[in-house]
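One structure below.
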Amino acid sequence: MYDTTDQIGSGLLTVLMSAVAVRAAHEAATAAIAEGSHMRIGSYVIAVLLAATSAFAHHSNSAFDGDKVMVLTGTVTEWKWTNPHVWIFLSVDDGNGGKVQWEIEGRTPGQLVRAGWSRTTLKAGETITVDFSPAKDGTRTGLLTRVRRADGTVVGQQTPPAAQ
Amino acid sequence: MSKNVTVFSSALLCLLFVSTSSLRAQGTSTPDFTGVYSPIDPFGQARARAAANPPATVVPSPSAGTGAGAVPPPRPVLVLDGREGRPDNAPKLKPEYLAKWEVIRKSRMAGSSEFDPNARCVSAGMPNMMSMTYGMEVQHTKDKITMYGELNDVYRRIYLDGRRPSQKVLDDPTFAGYSTGHWEGDTLVVDTVAIREDALFDTFSPHSDQFTVRERIRFTSPGVLEDRITVTDPKALLEPFTSVRTYRKVSAPNDELREFSCAEGLASVK
């Protein structure tokens, strides 16, 4: 009735990664999230670097943990205005003096157009803050909830009610 | 006086135009469903369940940005992965099919998209494709209705010319199945058969090859279309299951579906 509708999904992600490395990454990520420690997050980053190349694929929203929201600020390295979902590639400080790339999956361009977005809404080099639900498998990817620009402007995702 | 007559005549002409356009499909009192529609609250039930859950936990992250923490996070995007269990109002499956559903549920909870047709860019099939989450366009002629959905660029046809599914059709199930319709007053009654077994229906429920769908489609008020959907499956279901979807007709500039071309995302290999 409702649950095969706003999906974002596919098993392609796991194909990119070895099962052992994924488990190591996931365990490290879980520990990092539980403790919120930069040192643990650092080990998580290393584990993920060993495991993953790119998370850029197509996902079901069942791939994400809707009970959690992460907030990250970073620099847009790439903005993909693609079907079935848009993608924000974000370069983020790892808390250890380095950078890591996060790949955040958004909604479909058709819905975002109706919510006021366009293919020029974001630009590479721009600093933004994103809210998202993280992937269950611990890779550096997530399901986008909200984008805020450096000046605090919210780029919402809500579609206005249909005109009568 | 002549001005009044002109105004009156214009009003009459307008009225005539409206009536003829809404009735032209059949030339009788049956309505014309042609138009572009937006679903009315397609996630209503799911949202209600999600609202009952505790709010999301904000995960500490290494780079939350200056002052970002001062802004409360919005509710997360609704993630339905089966952890909520099987709702009381879900279709009543027989044990064999309930066991199949449990396998599907565990796969989804683990984060897999194996059983999510939309994630694989294939049609959700009947009747789930009638969620029409991103909008629906209906073309209605005397002999045929074609419905297009933006989500996954799906479409289905409902034949109104009296034809019946041939054996060839019955032997070749598809996601949308094969639909024929007839009128009962202002209600279009549609029967759909030959639906693929792997096209899951409500709450990712599996069904058998004996799965059939009957819809009763009508305007409940001007511009509000209702589709009352009853599915029957003597092998998989303890009893028929009925759900109702509603759609609101939209007008310019919101009456254009956008291309979806889902495979673009699948072809992301560089």
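The values are calculated or read from the model by the stated rules, or taken from the named source; none is laboratory data. What you see is a predicted model, and the numbers here were worked out from it, not measured in a lab. Every residue, glycine among them, receives a Cβ derived from its backbone with ideal geometry; neighbour counts consider all protein chains shown.
Filtering the range B:74-106 to residues that are under 22 Å from A:ASP67 (Cβ atoms), in contact (Cβ under 8 Å) with a residue 40 or more places away in the chain and not in a loop (DSSP other than H, G, I, E, B) leaves B:ILE104, B:ARG105. Among the residues of the range B:243-258, those that are in contact (Cβ under 8 Å) with a residue 40 or more places away in the chain, under 26 Å from A:HIS85 (Cβ atoms) and more than 7 Å from every other protein chain (Cβ to nearest Cβ) comprise B:ARG245, B:TYR247, B:ASP255, B:GLU256, B:LEU257.
Tell me whether the range B:237-259 contains one or more residues that are of a type outside the set (A, V, I, L, M), loosely packed, with under 14 Cβ neighbours inside 10 Å, outside any loop (DSSP other than H, G, I, E, B) and out of contact with any Lys or Arg (no Cβ under 8 Å at 6 or more places or on another chain). No, the conditions are met nowhere in the range B:237-259. So which residues in the range A:71-126 are in contact with a Pro (Cβ under 7 Å, 6 or more places away or on another chain) and under 16 Å from B:CYS262 (Cα atoms)? Scanning the range A:71-126 gives A:TRP81, A:ASN83, A:VAL86, A:THR108. The set of residues in the range B:109-143 that are part of a loop (DSSP other than H, G, I, E, B), more than 9 Å from every other protein chain (Cβ to nearest Cβ) and surrounded by fewer than 20 Cβ atoms within 10 Å (Cβ to Cβ) comprises B:VAL122, B:THR141, B:LYS142, B:ASP143. Number of residues in the range A:69-121 that are under 15 Å from the mean Cα position of the chain (by Cα), more than 23 Å from B:GLY149 (Cβ to Cβ) and more than 7 Å from chain B (Cβ to nearest Cβ) equals 16.
Scanning the range B:200-223 turns up at least one residue that is among the acidic types (Asp, Glu), touching an Asp or Glu at 6+ places or on another chain (Cβ under 6 Å), within 22 Å of B:PRO165 (Cα to Cα) and modelled with pLDDT of 95 or more.
Taken over the range A:120-136, residues that are modelled with pLDDT of 95 or more and not polar (S, T, N, Q) amount to 6.
Looking only at residues in the range A:128-146 that are over 20 Å from B:SER113 (Cα atoms) and free of Cβ contacts under 8 Å to residues at least 60 places away in the same chain, the one that is surrounded by the fewest Cβ atoms within 10 Å (Cβ to Cβ) is A:ARG146.
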